[in-house]
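A short write-up of the structure that comes next.
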Amino acid sequence: MTEPPSLPRRAFLARTGGLGAAGAGLAGGHGRAAAAPMPGVEELIGLVRPVLAQLALDTFRGLAAFALPGDDAYSRAQGTPRGRAGGVTAEAGELVEASLDRFVPFPQEVARPLTMALVTATAEAGIELPRHLPSELGRLDAALRLLLRGDEKIPLSLVAAVLLGLLAAQVNPAATGGPFLSPFSRLSYRDKARAFELLEHTDSDLVALLDTHLPQPLRGSVSGLLKYLGSGLLSLVAFGCFTEHAVWDAARRDITALPVGWRLTGYDGRTDGLDDLKGYYQGRKEAVGRA
Amino acid sequence: MRDVIVVGAGGGGPVIAKELAERGLDVLLLEAGPRHARPREEWTHYENDANHPLTGFFRFGPADRAKSAWFRETPQSSFVMQLSGVGGTTQHYFANSPRAYPGVFSGYSGPDAGAYDTRHRFPFPYAELVPYYEWVEATLPVQTAAMGAKEEVYFQGCETLGIPVQTALTTTGDSYRPQQNAILQPGGHAGRTADPRLLVFPRSTGCTFCGHCSQGCMQPVHAPRNQFAKRSTDNSYVPMALTADAWSPGGRAAELITDAFVTRIHTEAGAATGVTWRTGATGDSHREDARAVVLSGGCTENPRLWHNSGLPDPNGWVGRGLTDHHLDFVVGVFDHDVGNSRGPGSAARCDFPGRGALEQTGFPPALQALILSTSDSGIRGAYTNGRGPRGPWDGPAGRVLGPQLADLMQDGGHDRLLNVLVLTDDDVEPDNRVLPSVFPADAHGPVPKVEVHHRRRSARTLANREFLARKATALLRGAGARTVLRVDMFPVPLHVQSSLRTGLDPRTSVLDADCRSRAVDRLYVADNSALANSLGGPNPTLTTQALATRTAERVFTRVFGGDPWVRTGAPVVSTDVRVSRRLAELGL
């Protein structure tokens, strides 16, 4: 498999939020002082993976707010705040990330070239890069190169998150910078819808571009796959907004509090029976005869 | 050497297993997923626990829930609602059991004979299947559904359509009616209380109106397994197959092995001789031989197994001709509670022979939100994907998401929604199909690709869907809906049929009129994939089970030299106390 040139990878990192995410990881979460020696490439992979996971989660929180807005920062950022808890509080973003990474048996033989194709497509997408690229970018680039070439599993959540990041950057180039790690989460509600419109559009330029960067026999299959992925994200997150997963106690097989979706709707689904029998239509309890 | 190996314990396989075990044959029933033997310990009413498509106990995946689901390629925006486990998709179905329209069978000469898929009829007349319908209807048993709040509202809408009430079992014209469903009707306190002290068998019997059909039926509490309200095959045919020696003179209990994914059908000299399966927990392979093999793994898995076994496909129709009722949802928004999340999932319907059917459908909130998001017309109010059909409903069709979803669902909003499912009479089309994927194989061999063309369907199919969406809208307006939303659903192959179809024409069918492979002797098919077409729109399970009963008879007479029984015998009802007693003795 041909390795993408380094410039596309750098552009990819900058344009899909990987830069901000990795920067945050390098600066904070790992206790590394600014003056400490910079980590080696192998160690960088260890730093990149969790921050890319963070990027994915941030993206899916933006998606959860898109499906069911509430009283959270993501809903405020997209311009549709509401006075009650929504999909973010219901942890629908967490549900999507965990589902993609742990339970979709997405073949690595597909995930890896698709990620590479995304890297290249991002570089060719004509999105303005920040004027001064930070020095970490070279090291991150090396880490990403190893990740893409190595035997480690590419998480499907990362594939989906960078796909949404790429779409976000196309819809609104300014989304490559700002609050949140994820460019998608920085979009307005209407721009998020436009990102999905790009993904779902039958003759999307993006899909065509990705297709040309995939090896046979996968070429031609990716467009359907991406539509499936995009569509599945919307359906899964809508489902997740109203379920009990955030308050689930696996050991007791029961909930520890009322789920957000139940509080919003007033539903209580625990009963073994209800008083809703109204009788039989026209009093008939049996169908008769052959015609 | 077994007499018969049945591959798959879903809606059809257990029927064959029970019928042949009842007659003393040595039957091995193999199921790739788990058997939920103790639902009160293994299931809950919670939607994520049950219905999460990747992790729920009702998913398409191995018995071990900590492991990934099984990947299937769908090269379009869609979701294939397959379920593994004993009972297959009947574990979460709504148990609707209408008969097919007579017009989809050969020999039909009614005035509307030209209104159906005339090139792909069943290879025998409707009257041929009636005794088998009656046998299954008595065995399950099938009964007339009771009304809850949502059915009352639905019937109010039906009364404005100018069509009559159907009171018979066979549908002969446009009409509406309560469902004939495979649910034991409420008895005692069932349906009349939410008091847990009263919702216990035998103080309550049959359907308790809990609203959890999609999460699997385990009602009433403490009922024997074969007396659970919903007659999914894990509650009806499987218990009968496993206890056949206890209630049938000369019967022999079938053996059920779960966590057993069949990877190969073996043949010798043009006849099926046995199967190999892989045990999920260990990865070990096993092989058994049999005098006949019956495929019942489902519309996707049967063609996969056929291809992966290298079985002949002389006319290229293995996996082709998949029908799915080209489903759609039309949703009415009311100003008052219509009981969406309460009672059985679907208890009322309309029939339009030559067009399809409509059925009332109720959901708890997460599935309701999922349904509202399954559109091929983009996001309502934002973009349309070049579709967004307009009509008598309000605004363009599309996904309901974001602020509009929140507005719709909050403060009991989900219970003010009435869903009408459109079941289109769709044509058998060769390009809707299951074929081997180019994606990497899994532990069971090359994976299948399910190709369903949403936008490129026959003119008749498309016209039928639009006709029905308009009828559904009229029904909902008649019932008093304030707003009507159309989803324009993307393909959700849920009612899947006919991927290994029986038919008169050997050029376009895989099975002969006995549901036996034309290409491989002693290989039969007994699930939805054997159906000749989409039945005209009625839900497929009852017809699959009637056809499987007929196929069991053909296997028994052709392969084993036995006598037929359906026209001469009397069926035992699956709730029989002898079945309950033996299940208890066996700890099942």
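Scanning segment B:96-124 for residues that are outside any loop (DSSP other than H, G, I, E, B) and within 29 Å of residue B:360 (Cβ to Cβ) gives B:96, B:102, B:103, B:104, B:105, B:115, B:122. Residue B:409 satisfies every condition listed in (1) surrounded by fewer than 24 Cβ atoms within 10 Å (Cβ to Cβ); (2) without any contact (Cβ under 8 Å) to a residue 60 or more places away in the chain; (3) facing chain A (nearest Cβ under 9 Å) except (1). Filtered by the rule that a residue be in contact (Cβ under 8 Å) with a residue 24 or more places away in the chain and at the interface with another protein chain (Cβ under 9 Å from one of its Cβ atoms), segment B:53-66 gives B:53, B:59, B:61.
If the condition is being modelled with pLDDT of 95 or more, under 26 Å from residue B:30 (Cβ atoms) and among the polar types (S, T, N, Q), then segment B:80-96 contributes B:84, B:89, B:90, B:91. Restricting attention to segment B:341-379 and to residues that are more than 10 Å from every other protein chain (Cβ to nearest Cβ), over 19 Å from the mean Cα position of the chain (by Cα) and of a type outside the set (Phe, Trp, Tyr), the residue that is nearest to residue B:390 (Cα to Cα) turns out to be B:355. Of the numbered criteria (1) in contact with a helix residue (DSSP H, G or I) (Cβ under 8 Å, 6 or more places away or on another chain); (2) away from chain A (no Cβ under 14 Å); (3) assigned to a loop (DSSP other than H, G, I, E, B), the one residue B:136 fails is (3). Filtering segment B:192-218 to residues that are facing chain A (nearest Cβ under 7 Å), of a type outside the set (A, V, I, L, M, F, W, C) and surrounded by fewer than 24 Cβ atoms within 10 Å (Cβ to Cβ) leaves B:192, B:193, B:196.
Residue check: residue B:86 meets all listed conditions (1) more than 11 Å from chain A (Cβ to nearest Cβ); (2) surrounded by fewer than 24 Cβ atoms within 10 Å (Cβ to Cβ) but one, namely (2).
The residue of segment B:412-435 that is nearest to the other protein chains (Cβ to nearest Cβ), among those that are part of a loop (DSSP other than H, G, I, E, B) and buried (at least 22 other Cβ atoms within 10 Å of the Cβ), is B:432.
Summed over segment A:233-268, residues that are surrounded by 22 or more Cβ atoms within 10 Å (Cβ to Cβ), at the interface with chain B (Cβ under 7 Å from one of its Cβ atoms), of a type outside the set (Asp, Glu) and in a loop (DSSP other than H, G, I, E, B) total 3. Taking the criterion of being assigned to a helix (DSSP H, G or I), polar (S, T, N, Q) and closer than 23 Å to residue B:400 by Cα, the only residue of segment B:445-500 that qualifies is B:473. The lone criterion from (1) surrounded by 17 or more Cβ atoms within 10 Å (Cβ to Cβ); (2) farther than 21 Å from residue B:365 by Cα; (3) at pLDDT 60 or above left unmet by residue A:73 is number (1). Considering only residues in segment B:164-191 that are touching a residue at least 12 places away in the same chain (Cβ under 8 Å) and among the β-branched types (Val, Ile, Thr), the one that is surrounded by the fewest Cβ atoms within 10 Å (Cβ to Cβ) turns out to be B:165. Taking the condition within 14 Å of another protein chain (Cβ to nearest Cβ), of a type outside the set (D, E, K, R), farther than 30 Å from residue B:168 by Cβ and not in a loop (DSSP other than H, G, I, E, B), does residue B:50 pass? Criteria met by residue B:50. In segment B:384-394, the count of residues that are within 10 Å of chain A (Cβ to nearest Cβ), of a type outside the set (Ser, Thr, Tyr), crowded, with 20+ Cβ neighbours inside 10 Å and under 25 Å from residue A:265 (Cβ atoms) is zero. Taking segment B:485-502 as the range and being on the phi < 0 side of the Ramachandran plot, away from chain A (no Cβ under 14 Å) and touching a Leu at 6+ places or on another chain (Cβ under 8 Å) as the test, the residues that pass are B:485, B:495, B:496, B:497, B:499, B:500, B:501, B:502. Taking every residue in segment B:538-559 that is within 16 Å of residue B:24 (Cα to Cα) and pairing it with any residue that is of a type in the set (S, T, N, Q), at least 6 positions away or on another chain, the pairs with Cβ-Cβ distances below 9 Å are B:549/B:139.
Here is a check on your reading of the model: is residue B:189 within 11 Å of chain A (Cβ to nearest Cβ), at pLDDT 95 or above, over 23 Å from the mean Cα position of the chain (by Cα) and closer than 17 Å to residue B:577 by Cβ? Criteria not met by residue B:189. Within segment A:174-202, the set of residues being facing chain B (nearest Cβ under 10 Å) and either among the hydroxyl-bearing types (Ser, Thr, Tyr) or in a loop (DSSP other than H, G, I, E, B) (or both) comprises A:189, A:201, A:202.
The set of residues in segment B:307-335 being more than 26 Å from residue B:456 (Cα to Cα) and of a type in the set (S, T, N, Q) consists of B:308, B:309. Of all residues in segment B:140-163, those that are assigned to a helix (DSSP H, G or I), surrounded by 20 or more Cβ atoms within 10 Å (Cβ to Cβ) and either out of contact with any helix residue (DSSP H, G or I) (no Cβ under 8 Å at 6 or more places or on another chain) or facing chain A (nearest Cβ under 8 Å) (or both) total 4. In segment B:441-448, the count of residues that are more than 9 Å from chain A (Cβ to nearest Cβ) and either closer than 27 Å to residue B:346 by Cβ or among the hydroxyl-bearing types (Ser, Thr, Tyr) (or both) is zero. Residues in segment B:219-256 that are among the aliphatic types (A, V, I, L, M) and surrounded by fewer than 24 Cβ atoms within 10 Å (Cβ to Cβ) were compared, and the one that is nearest to the other protein chains (Cβ to nearest Cβ) is B:221.
In this structure, residue B:69 does satisfy being among the aliphatic types (A, V, I, L, M), facing chain A (nearest Cβ under 8 Å) and crowded, with 20+ Cβ neighbours inside 10 Å.
The values are calculated or read from the model by the stated rules, or taken from the named source; none is laboratory data. Keep in mind the model is a prediction, meaning the values are calculated, not measured. Every residue, glycine among them, receives a Cβ derived from its backbone with ideal geometry; neighbour counts consider all protein chains shown.
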